[in-house]
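The values are calculated or read from the model by the stated rules, or taken from the named source; none is laboratory data. Predicted model, so just to flag it, every value in this text is computed and none were measured. Here the Cβ positions follow ideal geometry from the backbone for every residue, glycine too, while neighbour counts run over all protein chains shown.
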């Protein structure tokens, strides 16, 4: 049912609680993102463009594989937020145990798929690809822990785990790059860094017990549905990096990878809005007023980032890798800001669909992905656009795809809310 309240009519106490939660989570996620991008920027400076393109592709695979973690988190947050019993201890225990099962399964799958990824990404060393498995396993378990904290609105503890994600990546991953700048060292550091937030989450949730086998199965069943939608989103959100690696030459792929730093910053900058608003969207399905305000907030942050990259392109290039390597990218950084901002809006709408348990959203995203891959293959695979023109064309394609999908999904959710009335 659509909410009839306006911002002026909302009680002051809930609004202040929302702002406090948003502030705490925003700070934690800001630290996480700044630290994580510190590692990425350090990689762009310490590695060659070819090596940086490879580590960016591996990070892209981690982001795609991390959809299981996010699916567990979304499932946990939704189930905890809508739980009507007296205690959530048994549900929290079920979520963590489901996370352990998912982590073990994904680790095994990635170990078996190591040769395939080496061939697909043109990486000769087995170690960095092999380390994808334990890294993703840790992140998957962490997702179940985050879901409990998010659904319970334990914002300070949630922010602490987010902070540990970034600090672990920067201190251990960045430290490995400083000691020995190579692809192998980078992945060793990333793997060690992924252990840190997982251990912190386990400490914060110590004492949870009482899960039954049926509880765990229920969590896993719902996780499959949520993960499917998130998988579709993260595949399409990271497909451009893989397309650039496959269809552009090594140097241009490196340029694109550097531009993706800007895009990913714009994608994750407003993520705190999604984290804080999601439990409310889950407990108040069809609240189109709150969803519309959240979309406006995310889009507003996107506009600010685009303006910033237009006004300060040289500074952006200096931050992402230095003018010595990436000066030709300067005039086009704003295109990557648009792309990342468009995907930030799409991400919010996708989470709104999960909160309402709308399962048709995934189909539309998969269709969009197929269209994007075919279009990129035709234009870039046949050399219709090469060099920096190829970079510009690919980022423009991804932006257009994200905006069209956002409009389509938002319209569908609005119709669903209207039908419910």
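Quick one: count up the residues across the stretch 121-165 that are out of contact with any helix residue (DSSP H, G or I) (no Cβ under 7 Å at 6 or more places or on another chain) and either under 30 Å from residue 20 (Cα atoms) or assigned to a helix (DSSP H, G or I) (or both). Going through the stretch 121-165 one residue at a time, the tally reaches 1.
Can you confirm whether the stretch 57-73 contains a residue that is surrounded by fewer than 15 Cβ atoms within 10 Å (Cβ to Cβ) and either in contact with a strand residue (DSSP E or B) (Cβ under 9 Å, 6 or more places away or on another chain) or over 19 Å from residue 150 (Cβ atoms) (or both)? Lay out the reasoning, then the answer.
Applying the first criterion (surrounded by fewer than 15 Cβ atoms within 10 Å (Cβ to Cβ)) to the stretch 57-73 yields none.
No - not one qualifying residue is present in the stretch 57-73.
Among the listed residues 282, 327, 297, 318, which satisfies the condition of being within 23 Å of residue 414 (Cα to Cα), without any contact (Cβ under 8 Å) to a residue 40 or more places away in the chain and assigned to a helix (DSSP H, G or I)? One residue alone meets the criteria, 297. In the stretch 310-328, of all residues being more than 16 Å from residue 37 (Cβ to Cβ) and crowded, with 16+ Cβ neighbours inside 10 Å, the one that is modelled with the highest pLDDT corresponds to 313. For the stretch 121-143, the set of residues classified as in contact (Cβ under 8 Å) with a residue 24 or more places away in the chain and more than 26 Å from residue 200 (Cβ to Cβ) consists of 121, 122, 123, 125, 127, 129, listed by residue number. In the stretch 226-273, of all residues being under 19 Å from residue 379 (Cβ atoms) and not in a helix (DSSP H, G or I), the one that is nearest to the chain's Cα centre (by Cα) corresponds to 248.
If you check 200, 190, 177, 183, which single one turns out to be over 26 Å from residue 365 (Cα atoms), crowded, with 18+ Cβ neighbours inside 10 Å, modelled with pLDDT of 90 or more and within 17 Å of the chain's Cα centre (by Cα)? Exactly one of 200, 190, 177, 183 is over 26 Å from residue 365 (Cα atoms), crowded, with 18+ Cβ neighbours inside 10 Å, modelled with pLDDT of 90 or more and within 17 Å of the chain's Cα centre (by Cα), namely 190. Among the residues of the stretch 285-294, write down those that are surrounded by fewer than 23 Cβ atoms within 10 Å (Cβ to Cβ) and either without any contact (Cβ under 8 Å) to a residue 24 or more places away in the chain or within 14 Å of residue 341 (Cα to Cα) (or both). Of everything in the stretch 285-294, just one residue is surrounded by fewer than 23 Cβ atoms within 10 Å (Cβ to Cβ) and either without any contact (Cβ under 8 Å) to a residue 24 or more places away in the chain or within 14 Å of residue 341 (Cα to Cα) (or both), namely 292. Take the residues of the stretch 201-224 that are in contact (Cβ under 8 Å) with a residue 60 or more places away in the chain and part of a loop (DSSP other than H, G, I, E, B): which is nearest to residue 155 (Cα to Cα)? So the residue we want is 205.
Among the residues of the stretch 397-408, none is identified as within 18 Å of residue 245 (Cβ to Cβ) and surrounded by fewer than 16 Cβ atoms within 10 Å (Cβ to Cβ). The residues of the stretch 221-245 that are crowded, with 18+ Cβ neighbours inside 10 Å and closer than 16 Å to residue 73 by Cβ, listed by number, are 222, 223, 226, 227, 228, 229, 230, 231, 233, 234.
Annotation: of all residues in the stretch 345-385 being crowded, with 16+ Cβ neighbours inside 10 Å and in a loop (DSSP other than H, G, I, E, B), the one that is farthest from the chain's Cα centre (by Cα) is 385.
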